[in-house]
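Q: Quick one: this structure, given as structure tokens, is what I'll be asking you about.
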Amino acid sequence: MPQQDTVVMVDVHAQSRHLEKVTKEYGNNVRYVAGGDSIGMGPDTKGVLDIASDFNIRLLRGNWEHQALEGLVYHDLEKRNMTQEVSRPFEYAELQKLARSYGLDPKLSKDELIIGITEKMQDNGHLNMLARTAMYYETEGENGFIVVHAGLTNEDWSKQKNDLGKAKGTFDQLPQIFDDSKYTLSNQEAAFAATDKTVITGHSHRIKGERITADGKRVRLASSRGLFVWQSWDQKVKSFR
């Protein structure tokens, strides 16, 4: 396969064993794009980020990365504390999983876990990796595609792209990253009106029907079982478990 061929995955969720199977399958012969929620829920966030570094995987921002950064490093202490109180990545059980992956004692208090995890992620360069996550990935040409974590709104893609670029450091809960309760963007089977390109998303783990719809213009990869990837050279989805 030529170097420009791309493998897209979304919602790795700290499942390093699944990611290892993907990188073993394709090696260094492709470009990898991970469309958000690469961390959390699963057992090995550190392992996933280490693999991402080794294979130069282009990490995009999902709601988990967004909230992890907001709760660990955001300069607004009030908002940081609020995020630690109410968001899923900072539930005690989730912090314990993170602690184990970084070799920390999971029985520490919540505050101690947050301090220890922040230090470990900083030492491993992982906070910088999360801070560099892009809000979307786009290719040009006849078979151009867009990867965004949850989906697109009805606004023109050029405006959404501009808004996403401006909002990267604000920690606003953008519908393209967190979904939209009114339209349930990540579950939408129809092509997005905002663009003629193929749009690849994750976020919703309750996919009904086919993963590729709208004559190939809509691809949904999230799953609670294994990891699904989309191959740019044949526009097909492959499962890894």
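Q: Please list, ordered by chain and number, the residues whose modelled amide H lies under 5 Å from the amide H of ARG31; skip anything fewer than 5 residues away on the same chain.
A: Those lying under 5 Å, H to H, from ARG31 are ASP5, THR6, VAL7.
Q: So, for the chain, what is the accessible surface per residue at a probe of 1.4 Å, expressed in square angstrom?
A: Averaged over the residues of the chain, the accessible area is 48 Å².
Q: Further, regarding this structure: When the Karplus curve 6.51 cos²θ - 1.76 cosθ + 1.60 is applied with θ = phi - 60°, which whole-Hz ³J(HN,Hα) does each residue of the stretch 233-238 get, with x for Gly and Pro?
A: Those phi angles translate into 6, 10, 6, 10, 9, 10 Hz.
Q: As an exercise, use a Förster radius of 30 Å and the Cβ-Cβ distance of THR139 and GLN173 to find the FRET efficiency, rounded to the nearest 0.05.
A: Rounded to the nearest 0.05, the efficiency is 0.65.
Q: Tell me the net charge near ASN154. Cut-off is 12 Å between Cβ atoms, ASN154 excluded, with +1 for each Lys or Arg and -1 for each Asp or Glu.
A: -1
Q: Another question about this same structure. Round to a whole number: what % of the accessible area of the stretch 88-190 belongs to carbon and sulfur, probe 1.4 Å?
A: Of the solvent-accessible surface of the stretch 88-190, carbon and sulfur hold 47 percent.
Q: Normalising by the residue count of the chain, find the relative contact order in percent from Cα pairs under 8 Å and 6+ residues apart.
A: 20
Q: May I pose another question? Place a +1 charge on the Cβ of each Lys and Arg in the stretch 95-179 and a -1 charge on the Cβ of each Asp and Glu, then give the dipole magnitude about the Cα centre in debye, rounded to the nearest 20.
A: Charge dipole, the stretch 95-179, about its Cα centre: 340 debye, nearest 20.
Q: Separate question: So what is the 222 nm mean residue ellipticity for the chain from helices alone, if each DSSP H run of at least 4 adds -39500 (n - 2.57) and you divide by all residues, rounding to the nearest 500 deg cm²/dmol?
A: -10500 deg cm²/dmol, from helical runs alone.
Q: Too long at a 32 Å Cα-Cα cut-off: which of LYS110/LYS217; LYS182/LYS238; LYS97/LYS208; LYS159/LYS236?
A: From LYS110/LYS217; LYS182/LYS238; LYS97/LYS208; LYS159/LYS236, over 32 Å: LYS110/LYS217.
Q: How much length would be gained if the chain were fully extended between ASP76 and SER224, taking 0.36 nm per residue of separation minus their Cα-Cα distance, in nm to one decimal?
A: Length gained between ASP76 and SER224: 49.9 nm.
Q: Using label points projected 7 Å from each Cα along Cα→Cβ, tell me how many nm separate ALA214 and ARG132, to one decimal.
A: A separation of 3.1 nm, rounded to one decimal place.
Q: Here is a follow-up. Taking the Cα centre of the chain as origin, work out the dipole magnitude from +1 charges on Lys and Arg Cβ and -1 charges on Asp and Glu Cβ, in debye rounded to 20.
A: 580
The values are calculated or read from the model by the stated rules, or taken from the named source; none is laboratory data. It should be emphasised that the depicted structure is a prediction, and the values quoted were computed from it without experimental measurement. Glycine also receives a Cβ, built like all others from the backbone with ideal geometry; neighbour counts cover every protein chain displayed. All accessible areas refer to the heavy atoms of the entire protein, side chains included, with ligands and DNA or RNA removed. Shrake-Rupley method; radii C 1.70, N 1.55, O 1.52, S 1.80 Å.
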